[in-house]
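Enquirer: Right, I'll just put the structure down here and ask away after.
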Amino acid sequence: MRFHAIVFAALLAIGMSPAAQAQAPGADIPIIAGAADLAFALEEAAKDFAGQTGRPVKLSLGSSGNFFRQIQQGAPFQMFLSADEDFVFRLADAGLTRDRGALYAIGRLALVVPPGSPLQPDGSLADLKAALQAGRVTRFAIANPEHAPYGRRAEEALRHAGLWDAIHDRLVLGENVSQAAQFAVGGGAQGGIVAYSLVLSPQLEQRGRHALIPADWHQPLRQRMVLLKSAGETTQRFYDYLQGTAGRRILVRYGFVLPGEQS
């Protein structure tokens with residue numbers, strides 16, 4: 001099953017869960033906009049939250065930059081979990097949120113390579129450098145740096161390693177980091193730099209080998225969530241859940257660094 005199909009099936013399962021069916025007929029189910037690196041962590045959190053409270057939420061996953069623009073244009077989201085806190089601050093400054101939100105996690109980058117790739121899972125990117133010089137790699141995936149925070153940080157890491165100019169013309173750009181991960185392990189590329197949280201998921205851990213990229217090779221992926229002005233009680237409770245013990249435990253399991261902790 002392709003990566004995007006896995007995500008779709010997972011989100012469909014949330015909508016059809018017993019907790020979702022327990023919601024009162026006609027009741028509004030809030031739509032939560034979440035950065036693509038949260039695909040599996042947020043799915044698990046939403047299922048657990050619905051099981052505990054009987055209150056489902058709908059998840060919309062994608063590029064933080066695209067969600068930022070959609071919210072500016074009036075998209076009906078009640079909560080936004082961004083992979084770049086600057087988007088939250090800009091929405092707050094525009095008066096579109098309740099406040100300036102809460103830092104919920106620090107994300108990490110990982111190099112991932114599929115079976116049969118000529119690349120090795122080397123976080124120092126020394127093998128990638130050698131592969132570029134030898135012509136062993138022709139397609140390499142990252143998220144689009146123009147609107148995806150993980151794409152910008154991947155570019156920074158590649159620049160830090162002195163590889164950006166050599167690899168630029170060989171990049172396969174995902175609309176968001178989950179699509180970049182699909183390309184990296186699904187045959188569209190020979191590897192990629194994607195979110196650590198995605199390669200740790202049960203759906204991907206058997207489809208490639210990975211290695212962490214040093215955190216000091218790029219600006220921190222400070223991920224912030226915020227309630228929008230339209231947020232209701234269910235959304236407020238989900239916001240609180242993600243900052244509680246159960247929510248934080250899920251984030252840690254998917255490789256996120258919690259605020260105040262060392263990476």
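Enquirer: Give me the helices (runs of 4 or more DSSP H) completely within region 105-169, filtered to those with at least 2 residues that are over 30 Å from GLN70 (Cβ atoms) and touching a His at 6+ places or on another chain (Cβ under 7 Å), ordered by residue number.
Expert: Answer list for region 105-169: none.
Enquirer: In this structure, is ALA246 in the same structural domain as PRO118 (by TED's automatic domain parsing) and outside any loop (DSSP other than H, G, I, E, B)?
Expert: For ALA246, the condition - in the same structural domain as PRO118 (by TED's automatic domain parsing) and outside any loop (DSSP other than H, G, I, E, B) - is not met.
Enquirer: Separate question: From the list GLY162, GLY208, GLY260, GLY186, pick out the single residue that is touching a Lys or Arg at 6+ places or on another chain (Cβ under 9 Å) and modelled with pLDDT under 95.
Expert: Details: GLY162 fails: modelled with pLDDT under 95; GLY208 fails: touching a Lys or Arg at 6+ places or on another chain (Cβ under 9 Å); GLY260 fails: touching a Lys or Arg at 6+ places or on another chain (Cβ under 9 Å).
Within the list GLY162, GLY208, GLY260, GLY186, the selection yields GLY186.
Enquirer: Looking at ALA83, ALA105, ALA94, can you tell me which residue is of a type outside the set (S, T, N, Q) and either surrounded by fewer than 23 Cβ atoms within 10 Å (Cβ to Cβ) or closer than 19 Å to GLY232 by Cα (or both)?
Expert: Values: ALA83 fails: either surrounded by fewer than 23 Cβ atoms within 10 Å (Cβ to Cβ) or closer than 19 Å to GLY232 by Cα (or both); ALA105 fails: either surrounded by fewer than 23 Cβ atoms within 10 Å (Cβ to Cβ) or closer than 19 Å to GLY232 by Cα (or both).
Exactly one of ALA83, ALA105, ALA94 is of a type outside the set (S, T, N, Q) and either surrounded by fewer than 23 Cβ atoms within 10 Å (Cβ to Cβ) or closer than 19 Å to GLY232 by Cα (or both), namely ALA94.
Enquirer: Select from region 211-230 the residues that are over 18 Å from the mean Cα position of the chain (by Cα) and surrounded by 17 or more Cβ atoms within 10 Å (Cβ to Cβ) and write down the one among them that is nearest to ASN144 (Cα to Cα).
Expert: Across region 211-230, the extreme among qualifying residues is TRP217.
Enquirer: Just to be sure, is SER197 within 14 Å of the chain's Cα centre (by Cα) and modelled with pLDDT under 95?
Expert: Numbers: within 14 Å of the chain's Cα centre (by Cα): yes; modelled with pLDDT under 95: no.
Here the answer is no, as SER197 does not meet what is asked.
Enquirer: Here's another thing I want to ask about it. Look through LEU212, LEU221, LEU258, LEU173 and report the one residue that is closer than 29 Å to ARG55 by Cα and of a type outside the set (Ser, Thr, Tyr).
Expert: The conditions single out LEU258.
Enquirer: Checking PHE183 against (1) touching a helix residue (DSSP H, G or I) at 6+ places or on another chain (Cβ under 7 Å); (2) not assigned by TED's automatic domain parsing to the domain that holds ALA41, which test does it fail?
Expert: (1)
Enquirer: OK, next. Taking the condition of being assigned to a loop (DSSP other than H, G, I, E, B), under 22 Å from GLN70 (Cα atoms) and of a type in the set (A, V, I, L, M, F, W, C), how many residues in region 27-57 meet it?
Expert: Final tally of qualifying residues: 2.
Enquirer: Just give me the residues in region 53-74 being farther than 15 Å from VAL88 by Cβ and either of a type in the set (Phe, Trp, Tyr) or touching a residue at least 12 places away in the same chain (Cβ under 8 Å) (or both), in sequence order.
Expert: Hits for region 53-74 are THR53, GLY54, ARG55, PRO56, VAL57, LYS58, LEU59, SER60, LEU61, GLY62.
Enquirer: Would you be able to tell me the number of residues in region 186-221 that are acidic (Asp, Glu) and in contact (Cβ under 8 Å) with a residue 12 or more places away in the chain?
Expert: Residues flagged as acidic (Asp, Glu) and in contact (Cβ under 8 Å) with a residue 12 or more places away in the chain within region 186-221 amount to 0.
Enquirer: Any residue at all in region 169-185 that is over 18 Å from the mean Cα position of the chain (by Cα), in contact (Cβ under 8 Å) with a residue 60 or more places away in the chain and over 19 Å from LEU132 (Cβ atoms)?
Expert: no
Enquirer: What residue, of GLY162, GLY135, GLY187, GLY208, is buried (at least 18 other Cβ atoms within 10 Å of the Cβ) and over 24 Å from ASP86 (Cβ atoms)?
Expert: Answer to the selection: GLY208.
The values are calculated or read from the model by the stated rules, or taken from the named source; none is laboratory data. Just so we're clear, the structure is a prediction, and the values are computed from it rather than from any experiment. We place every Cβ from the backbone using ideal geometry, glycine too, and count neighbours over all the protein chains shown.
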